[in-house]
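Report on the following structure.
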């Protein structure tokens with residue numbers, strides 16, 4: 001069987017800790033009435049609470065699983081357990097002929113992939129397609145303009161009334177306006193409004209953040225009304241802020257493509273809601289020196305599009321357009337030798353983050369690498385002490401304690417996301433022994 | 001966002017805003033403000049500009065003074081160690097017995113817990129006081145360093161646990177109550193008189209709870225020399241609990257005035273009578289309260305809701321102080337005979353309650369007799385009696401099937417009577433493990449909530465040799481979620497323990513301390 005997996009790599013696929021735990025409990029072969037595999041897939045029938053066992057199968061090339069159990073989690077505990085069994089048994093699962101249900105699924109996956117490929121290759125009338133696209137785009141701009149006009153007046157009204165009167169009624173109003181932005185096909189504005197609402201709801205400690213967020217929203221409204229005067233890069237920034245990114249195909253076809261040894265600096269999975277997980281993977285190119293963000297969403301039972309468990313990859317990345325492109329899409333990847341984190345001075349890290357935000361104040365976060373920083377708990381707040389001053393940390397209490405324990409009060413190298421106010425630490429390394437590392441564990445809901 | 005901006009945003013913007021800002025930005029703001037007649041709209045645009053300017057210049061807050069860093073630990077378990085993946089979940093999910101074993105195993109290989117897991121381990125110590133001693137031996141210097149930052153982890157702050165002799169006295173002067181008790185115990189073992197003097201010197205400053213716990217230490221190496229202190233406590237201490245404890249300890253010193261006084265009170269109540277079948281003992285209760293009882297921690301007034309009558313109450317208080325050995329030597333009856341004799345008399349309740357309170361680990365024959373009697377008085381606290389017996393003796397009192405154990409509630413007793421760190425014998429464990437297979441197959445586990453609830457504890461109590469032979473039961477597939485969960489929990493704990501003990505023969509896996517960066 002073709003793919004070598006470790007238990008840790010499998011557990012990294014788990015949607016939550018409960019699934020990982022449940023899967024570990026299903027690794028006894030007595031739970032399985034059938035187990036088998038070949039070069040492309042592994043499969044099994046797991047005893048469940050129903051009369052019929054669940055049929056579970058994993059496509060080893062994509063590490064995608066399918067199961068007949070009713071779980072909405074993906075991969076479900078049966079899929080994970082099957083992969084754990086595969087990872088734990090050095091000799092692999094017993095080789096066997098594919099049952100019909102496995103063959104059918106693999107064939108249908110192959111068929112879909114081929115259809116997609118053919119559809120991509122199918123000749124289309126470029127003029128008609130361009131016209132249709134333009135029409136669609138114009139329609140969406142119209143709805144966005146209308147929504148932004150409402151939002152502009154609404155924000156001004158909030159300031160006219162004064163935010164001190166914020167209460168349950170206003171909370172409903174804000175939520176209604178966020179829903180209005182979704183209707184206006186500007187989900188990015190809805191999200192930012194929701195973030196402002198969260199800041200207001202947190203009390204006086206975050207009121208200034210809410211004011212700033214409303215101010216930045218007002219700049220987006222201005223941008224939309226003057227979009228024809230904007231450069232293509234600035235327009236791309238604006239579209240991302242509106243929640244209208246460019247199509248992946250257009251990005252791949254674009255010119256900003258870099259092939260490099262990309263080091264995985266850190267990654268984070270955030271549960272946006274019950275059914276939507278967002279994954280952010282931050283990369284650094286050894287030769288190009290560029291930073292990149294792979295942004296991925298898993299909706300309902302869909303898995304991640306790609307699998308990033310190694311520390312370094314030889315990969316080709318195509319960057320989304322923008323004044324300071326960070327988000328990219330990967331078109332080819334293969335594991336490459338591990339490498340040390342880039343040497344970045346504190347001044348450069350701060351300068352770089354300032355530069356990114358100066359170019360585009362609407363981006364939610366940028367990567368930050370600090371070579372020597374000490375986690376500190378001061379007056380109930382978590383901070384990162386550096387030679388140039390301190391940065392507030394944005395992290396859950398349990399993660400902050402764990403990071404403090406890891407550092408032991410000594411300076412460590414920290415990679416995190418700077419959101420303009422606080423740093424969310426994702427990974428910390430011992431400066432002398434980089435293999436001793438701390439990483440944000442599991443899913444974190446945005447704080 | 002500066003204060004004037006905040007103020008306007010909060011109270012409401014009803015006129016054109018004007019702010020002192022940097023000259024270059026001021027021009028931009030003026031231009032923006034001039035674009036609109038609506039002051040609130042202009043304000044919101046200006047707020048956006050100010051925010052964009054702030055974001056474009058990452059500003060760090062003033063430096064703070066970082067804490068003194070921790071000293072490096074030589075034996076921190078690394079991520080490659082086979083125990084590493086088990087530790088975090090075990091400290092979150094328990095049971096405490098398993099956490100205790102982890103700490104002991106880690107300390108046994110002269111290692112300490114991985115630093116990132118210390119918070120969950122310390123949280124477990126916060127929840128369970130009984131875990132703390134073992135935990136302190138496993139958290140290393142890093143754990144003690146970390147504990148200083150969280151008020152809930154003060155039990156583990158530097159100075160607790162492993163300290164060298166030169167620091168010992170500091171524990172007595174500055175430590176927590178548990179540390180002071182521990183220190184006094186150690187001193188008592190080395191020099192009983194010195195420990196007593198140490199306690200006596202500070203006695204006046206201590207609150208009642210501390211006095212009670214510290215005086216209890218005197219039971220260790222109790223001797224004639226302690227009589228003076230105990231007698232003064234019996235007479236003068238403000239706390240009734242302390243007075244009662246002093247009385248109990250004094251009663252253990254046969255030559256003490258208190259012990260002799262008790263015997264003098266009790267002896268007339270026991271009389272030997274001649275009957276048709278020979279001589280027999282008869283017990284009576286005091287007929288009236290003696291004012292002298294007040295000096296012996298005996299209350300003349302019966303509590304309002306006590307089940308004993310007034311005379312029985314007086315008798316019980318005398319009985320609970322007198323060592324059980326006095327009864328056997330005075331009457332010539334052994335423990336079982338005395339229990340049978342008391343059961344036939346009028347004062348059974350008072351005698352049984354008094355004896356039950358008096359019994360301790362040294363009275364092995366009394367414990368066995370009480371357990372054998374199956375009397376309700378002893379049935380309430382079976383686990384307490386069992387806990388005083390060695391494990392092999394305890395197991396003789398337990399059925400060897402889970403079915404029976406669960407049916408008569410003995411399973412809870414087994415768990416309650418085993419202290420942390422104790423395990424069942426390999427033989428008894430094997431019998432229970434074999435029976436667990438039957439319980440899974442015959443649906444006992446499906447319907448028995450009590451058995452399901454105790455499974456994780458049982459897994460933590462099994463002898464490691466027996467657990468190593470454990471094979472997962474074959475499931476039918478129609479298990480209820482609760483049933484499956486209980487089996488899963490049992491297997492989880494069993495798997496962790498098997499791993500912990502699978503490596504006991506290996507040499508310690510340690511890593512060299514990494515030089516801390518400057």
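The values are calculated or read from the model by the stated rules, or taken from the named source; none is laboratory data. These figures come from a predicted structure and were not determined experimentally. Don't worry about glycine lacking a Cβ; one is built from the backbone with ideal geometry, like all the others, and counts go over all protein chains shown.
Values for this structure:
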{"quantity": "Evaluation of residue A:366 against (1) at pLDDT below 95; (2) at the interface with another protein chain (Cβ under 10 Å from one of its Cβ atoms) (one fails), failing number", "calculated": "(1)"}
{"quantity": "Only one of B:473, B:513, B:464, B:508 that is at pLDDT below 80, away from chain A (no Cβ under 14 Å) and out of contact with any strand residue (DSSP E or B) (no Cβ under 8 Å at 6 or more places or on another chain)", "calculated": "B:508"}
{"quantity": "Within segment A:377-397, tally of residues that are outside any strand (DSSP E or B) and more than 7 Å from every other protein chain (Cβ to nearest Cβ)", "calculated": "7"}
{"quantity": "Test: residue A:400 is touching a strand residue (DSSP E or B) at 6+ places or on another chain (Cβ under 9 Å), in contact (Cβ under 8 Å) with a residue 40 or more places away in the chain and within 11 Å of chain B (Cβ to nearest Cβ)", "calculated": "no"}
{"quantity": "Any hit, segment B:313-331, residues being over 25 Å from residue B:256 (Cα atoms) and surrounded by 14 or more Cβ atoms within 10 Å (Cβ to Cβ)", "calculated": "no"}
{"quantity": "Matching residues in segment B:290-314 - criterion: being over 22 Å from residue B:239 (Cα atoms) and touching a residue at least 24 places away in the same chain (Cβ under 8 Å)", "calculated": "B:307, B:308, B:311, B:312"}
{"quantity": "Top-ranked residue in segment A:403-412 [being facing chain B (nearest Cβ under 7 Å) and part of a helix (DSSP H, G or I); ranked as surrounded by the fewest Cβ atoms within 10 Å (Cβ to Cβ)]", "calculated": "A:406"}
{"quantity": "Any helices (runs of 4 or more DSSP H) falling wholly within segment A:129-242 and containing at least 1 residues that are within 14 Å of another protein chain (Cβ to nearest Cβ) and farther than 22 Å from residue A:356 by Cβ", "calculated": "A:168-183, A:187-201, A:207-225"}
{"quantity": "Failed condition for residue A:331, given (1) farther than 28 Å from residue A:286 by Cβ; (2) part of a strand (DSSP E or B); (3) in contact (Cβ under 8 Å) with a residue 12 or more places away in the chain", "calculated": "(1)"}
{"quantity": "Meets criteria (in a helix (DSSP H, G or I) and under 21 Å from residue B:342 (Cβ atoms)) for residue B:414", "calculated": "no"}
{"quantity": "Residue count, segment A:76-103 (criterion: under 23 Å from residue A:22 (Cα atoms) and at pLDDT 85 or above)", "calculated": "11"}
{"quantity": "From the options A:269, A:258, A:252, residue that is more than 21 Å from residue A:365 (Cα to Cα), in a strand (DSSP E or B), touching a residue at least 60 places away in the same chain (Cβ under 8 Å) and assigned by TED's automatic domain parsing to the domain that holds residue A:326", "calculated": "A:258"}
{"quantity": "Residue within segment B:480-497 that is touching a strand residue (DSSP E or B) at 6+ places or on another chain (Cβ under 9 Å), within 14 Å of chain A (Cβ to nearest Cβ), modelled with pLDDT under 85 and surrounded by fewer than 20 Cβ atoms within 10 Å (Cβ to Cβ) present", "calculated": "no"}
{"quantity": "Residues (surrounded by fewer than 19 Cβ atoms within 10 Å (Cβ to Cβ) and closer than 18 Å to residue B:144 by Cα) located in segment B:94-113", "calculated": "B:104, B:110"}
{"quantity": "Flag if residue A:291 is more than 23 Å from residue A:355 (Cβ to Cβ) and touching a residue at least 12 places away in the same chain (Cβ under 8 Å)", "calculated": "no"}
{"quantity": "Criterion (farther than 25 Å from residue A:161 by Cα and either at the interface with chain A (Cβ under 9 Å from one of its Cβ atoms) or at pLDDT 80 or above (or both)) met by exactly one of B:40, B:56, B:74", "calculated": "B:56"}
{"quantity": "Of all residues making up segment B:419-435, the number that are surrounded by 15 or more Cβ atoms within 10 Å (Cβ to Cβ) and touching a residue at least 60 places away in the same chain (Cβ under 8 Å)", "calculated": "1"}
{"quantity": "Matching residues in segment B:67-82 - criterion: being surrounded by fewer than 21 Cβ atoms within 10 Å (Cβ to Cβ) and out of contact with any strand residue (DSSP E or B) (no Cβ under 9 Å at 6 or more places or on another chain)", "calculated": "B:68, B:71, B:72, B:78, B:80, B:81, B:82"}
{"quantity": "Residue B:211 being crowded, with 17+ Cβ neighbours inside 10 Å and part of a helix (DSSP H, G or I)", "calculated": "yes"}
{"quantity": "Residue tally, condition more than 15 Å from residue B:499 (Cα to Cα) and under 27 Å from the mean Cα position of the chain (by Cα), over segment B:462-474", "calculated": "0"}
{"quantity": "Hits in segment A:429-446 - residues which are crowded, with 19+ Cβ neighbours inside 10 Å, under 22 Å from the mean Cα position of the chain (by Cα) and without any contact (Cβ under 8 Å) to a residue 40 or more places away in the chain", "calculated": "A:438"}
{"quantity": "Hey, residue A:264 in a helix (DSSP H, G or I), in contact (Cβ under 8 Å) with a residue 40 or more places away in the chain and in contact with a strand residue (DSSP E or B) (Cβ under 9 Å, 6 or more places away or on another chain) or not", "calculated": "no"}
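For (1) without any contact (Cβ under 8 Å) to a residue 24 or more places away in the chain; (2) part of a helix (DSSP H, G or I); (3) exposed (fewer than 13 other Cβ atoms within 10 Å of the Cβ), each residue gets a yes or a no:
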{"residue": "B:232", "(1), (2), (3)": "yes, yes, no"}
{"residue": "B:238", "(1), (2), (3)": "no, no, yes"}
{"residue": "B:241", "(1), (2), (3)": "no, yes, no"}
{"residue": "B:247", "(1), (2), (3)": "no, yes, no"}
{"residue": "B:255", "(1), (2), (3)": "no, no, yes"}
{"residue": "B:258", "(1), (2), (3)": "no, yes, no"}
{"residue": "B:263", "(1), (2), (3)": "no, yes, no"}
{"residue": "B:266", "(1), (2), (3)": "no, yes, no"}
